[in-house]
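A.B. asks: Provided herewith is a single structure, encoded as structure tokens, for subsequent inquiry.
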Amino acid sequence: MRAFPLCDACRNEYEDPLDRRFHAEPVACPVCGPHLEFVGPDAENPGEGDDSALAAAVAVLRDGRVLAVKGIGGYHLLCDARSEAAVARLRERKHRPDKPLAVMYPWRGPDGLDDVRDDFDPEPAARDALLDPARSIVLLGAGSPGGLAPNVAPGLAEVGVFLPYSPLHQLLLGDFGGPLVATSGNVSGEPVLTSATEARERLAGVADAFLHHDRLIARPADDSVVRVIAGRARPIRLGRGIAPLELELPRPVPRPVLAVGGHLKTTVALAWGSRIVVSPHVGDMGTLRSEQVFAQVAADLQHLYDVRAEIVLSDAHPDYATTRWARASGLVHERVQHHRAHASALAVEHGRMDAPAIVFAWDGVGLGDDGTLWGGETFVGTPGQWQRAASLRPFRLPGGDRAGRAPWRSAAAVCWELGRDCPIGVPDPMVRTAWERRMNSPQSSAAGRLFDAASAIILGLGETSFEGQGPMWLEAIALDPVAFPRLELRSAAEGRLDLDWAPLVDWLLQVPRTTVADRADRAGAVHASLADGIVQVAERVRDQSGTAIVGLTGGVFQNRRLTAAALAGLSTRGFEVLLPVQLPCNDGGLSYGQVADFVGRND
């Protein structure tokens, strides 16, 4: 790849203050502007020039093969989105059997959405999000039969759709003449690849050919993802086009602060004075490359804004890679409990620094104050001063963190807790023995694990290939139920309330699931029962605290059906309801929440 010397014509324009291209990058010059390079199988020789490279790339896609393309923030893996065989080939090679794939549509028609409308009928908020300059991936439902290949998003009722955001994308899609799967060019969970050398090495077994360009990508930037929830497009992942996201804090931090988030969906936040900047999505920690990119992002933010952090904030979990990095940083290190960070992020985003609120922080897992695995928490108070008012009834989770990809473990846990047999096969009988002896079976109150249990019982889903698969499939099939069981509130330790899921699990074990309609009704009942439980808790805590402001946050509230049902029930009973607007409700918002909580407790 070339350096980027300016040609004589561009240099004259660049250096002449009277020229309209003074100090403008030569982005369209045929001599020193960007150039393409096609690399295919040895037998293929597209010839010289950008047009030949582009034509060769389109031929690969038309042949049903997989193409790696360098974009703005990194590489995409592309294939024909209408070809089941092409999508299956990509899935097999990327070892991604079930996780949904995003699809990029050509810009066509007066507003660019003609091709999208061939397959979808986007609601107004989704349409606006598709056309927003950020060009986020937007989750769209109700695709037309026979449109996209069925294995683009198996088991789901939505597909991630976006429009081209670079000229190269539009040229490819325009020449190809239809939608293309466009998924991140990476090893799953890691940051997207950015250099031709890395792409050739790490995607050699996935892509049949490569289309490179010669512009440097300084740092990776995955595509942003949004979902319309309660009539508004809300971020699921902060990425290209949205982040770095700069917001204003209601109160200044005493010294510059760097917050490093959690373990999954990691972002980094830098705060100084009343300013805070949240980085783009880094990815899941646990691999060398993820941790290297994380460290680069932390350094880049400080360099970009010319701010040196003096305090570093991390999650309370001692074994997270981000917590270990914070301990080793040499900075003053403070920890913020996972779910309090979620609650503080929501409250401060809405400017509720001093007004007490009731906040439900429901997700898959986070280390609690007592050393157990929290995830179904209700707090009352203000950022930095949260009191745990309620929780889902805890249960002992066989295998602990291993349950995240094995819903049968959660199903077994809730059934055994009630003295019932688990209807899902338990692969190893020793698991029951270990559970009975309280070995490697930590207490958990996680709403995400309860959804996992329901997906296993209703769908027979024992193992999954990606985080959240069971709850996503459960939401996809759910319909408004004929009836649902009401959860029960009971008193627990230290004046806390426990929302008891036992009536729901008992009901699920008794009601048949023999037909598709049965399963859809039962799935709907799970959502309705938990939403009703949220309303019950809110009313009881309002009676005790006097506050009528309720917040819903944490990864579980990515679930549109649950959120809409809870919002409707709470609004009917006179609550003001807060939902995340600019920040993800999942762990992508933790870094912001860590700073928000720090500000509250250092007031």
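The values are calculated or read from the model by the stated rules, or taken from the named source; none is laboratory data. None of the values given here were measured: they were computed from a predicted structure. Cβ sites come from the backbone with ideal geometry, for glycine too, and all protein chains shown count toward neighbours.
A.B. asks: Check the range 341-351 and report whether any residue there is in contact with a His (Cβ under 9 Å, 6 or more places away or on another chain) and crowded, with 17+ Cβ neighbours inside 10 Å.
C.D. replies: no
A.B. asks: Looking at the structure I just gave you, is T287 β-branched (V, I, T) and modelled with pLDDT under 95?
C.D. replies: Answer is yes for this residue.
A.B. asks: Let me ask another. Give the residues of the range 459-482 that are small (G, A, S) and within 17 Å of A157 (Cβ to Cβ), sorted by residue number.
C.D. replies: Correct list: G468, G470, A476, A478.
A.B. asks: What tally of residues in the range 244-283 results from selecting those that are in contact with a Lys or Arg (Cβ under 8 Å, 6 or more places away or on another chain), on the phi < 0 side of the Ramachandran plot and not in a strand (DSSP E or B)?
C.D. replies: 5
A.B. asks: Tell me, which residue of the range 496-520 that is at pLDDT 95 or above and among the acidic types (D, E) is nearest to D421 (Cα to Cα)?
C.D. replies: Applying the filter and picking the extreme gives D506.
A.B. asks: Can you pull out the residues in the range 362-395 that are of a type in the set (A, V, I, L, M) and either over 18 Å from H317 (Cα atoms) or more than 25 Å from the chain's Cα centre (by Cα) (or both)?
C.D. replies: Of everything in the range 362-395, those that are of a type in the set (A, V, I, L, M) and either over 18 Å from H317 (Cα atoms) or more than 25 Å from the chain's Cα centre (by Cα) (or both) turn out to be V380, A389, A390, L392.
A.B. asks: In addition: Inside the range 293-313, can you point out the residues that are within 17 Å of S184 (Cβ to Cβ) and either out of contact with any Asp or Glu (no Cβ under 9 Å at 6 or more places or on another chain) or modelled with pLDDT of 95 or more (or both)?
C.D. replies: Passing the criteria: F294, V297.
A.B. asks: Tally the residues that are in contact with a strand residue (DSSP E or B) (Cβ under 8 Å, 6 or more places away or on another chain), surrounded by fewer than 21 Cβ atoms within 10 Å (Cβ to Cβ) and without any contact (Cβ under 8 Å) to a residue 60 or more places away in the chain, restricting the search to the range 545-574.
C.D. replies: Residues that pass the stated criteria total 2.
A.B. asks: Which of (1) within 18 Å of T183 (Cα to Cα); (2) buried (at least 18 other Cβ atoms within 10 Å of the Cβ) does E198 not meet, given it meets every other one?
C.D. replies: The failed condition is (2).
A.B. asks: Separate question: Residue by residue through the range 297-321, note down the ones that are part of a helix (DSSP H, G or I) and either crowded, with 16+ Cβ neighbours inside 10 Å or touching a Pro at 6+ places or on another chain (Cβ under 6 Å) (or both).
C.D. replies: V297, A298, D300, L301, Q302, A321
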